[in-house]
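This report refers to the structure that appears directly beneath it.
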Amino acid sequence: MGKLIKDERYTTVEQLQKMLHAEILPLQKVLPYLASPDTGKRLQFLDDGSGLTDSDNNYPIVDGIPILYPVSISEAFLQGGLDLNYYNDSTLQYFLLSQIKQHGEINAASNNVHYQRHLYRMKDLLKDCRGTVLDVGCDDVSISSALFNEDCSYIGLDPFSKNKTGFRMVGVGEFLPILDNTIDNVIFNTSLDHILDYHLAIKESYRVLKSNGMLVISTLIWLESATLLNDSVHFHHFKEYEVNGVLEAFGFREVSRIMYSYKDDSHRYGLYIAVRK
């Protein structure tokens, strides 16, 4: 492990949102990038504009937000989620586990100093981003899009649709609804540890990135006390070799790696890493 940086500089949400930042692309501009999460085929609007289709499968648009879960999950999502059940279907099992973890998620308050320090660090890490950005697990688009400069075009993707602050798509990192080799930057901003099959999420990121495209991950790295027995939200408490290993497996080239102390904890720290395809 390298040297940990203790940096107490911070940015408030209000300060961040006043800065020049990325354009949040509307659905009409996002459409040329979109692919079916089931077949990988290009998506188009249905004739009545009520949803998107790949000619074999239809995906609804609800309150202006496209629901791009795999078809087998979309109906359950729209009805409030999967029933708690012992499913024989492996896909339903997988999404039920994810649904249980997501149910208890609580985001840090905007006035939390550790959250504000994280905003500063992400803004600095992303200062050289250019082109299209796919933010996987974007949460509040009005905040997340402001982390990127005005040379970026922002596409948010999140497994939830409750937050109405800006356009994004509903979907998951394991089935990115994006065509191959079309995106300049993919971001996992404290979201990778919420994904059960993070290997698949990185594989999907590699697929949608253009040649030389950039992948950025911010996550906590655990040195000890990494048990999940007292964690109702995350699927992973990563060791650094787990993150390194999955990136090396796909041949990503490292651009930068910064390790920050986190809450003065001795058992974990914040890793901010950028790599290129």
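The values are calculated or read from the model by the stated rules, or taken from the named source; none is laboratory data. Quick caveat, the model's predicted, so the values are computed rather than measured. For neighbour counting, all protein chains shown are included, and Cβ atoms are generated from backbone atoms with ideal geometry for every residue, glycine included.
Some notes on this structure:
- Filtering Tyr59, Tyr69 for residues that are in a loop (DSSP other than H, G, I, E, B), outside the structural domain of Gly171 (by TED's automatic domain parsing), closer than 17 Å to Val170 by Cα and not polar (S, T, N, Q) leaves a single hit, Tyr69.
- Whichever residue in the stretch 163-178 is touching a Gly at 6+ places or on another chain (Cβ under 8 Å) and buried (at least 18 other Cβ atoms within 10 Å of the Cβ) and, among such residues, is nearest to Gly137 (Cα to Cα): Gly173
- Across the stretch 147-178, the qualifying residues are those that are over 21 Å from Ser218 (Cβ atoms) and in a loop (DSSP other than H, G, I, E, B), and the one among them that is farthest from the chain's Cα centre (by Cα) is Glu150.
- For the stretch 43-83, a residue qualifies if it is surrounded by 15 or more Cβ atoms within 10 Å (Cβ to Cβ) and of a type in the set (D, E, K, R), and exactly one does: Asp54.
- Of all residues in the stretch 17-35, at least one satisfies being without any contact (Cβ under 8 Å) to a residue 40 or more places away in the chain and among the charged types (D, E, K, R).
- Check on Ser144, part of a helix (DSSP H, G or I), polar (S, T, N, Q), touching a residue at least 40 places away in the same chain (Cβ under 8 Å) and assigned by TED's automatic domain parsing to the domain that holds Glu204: yes
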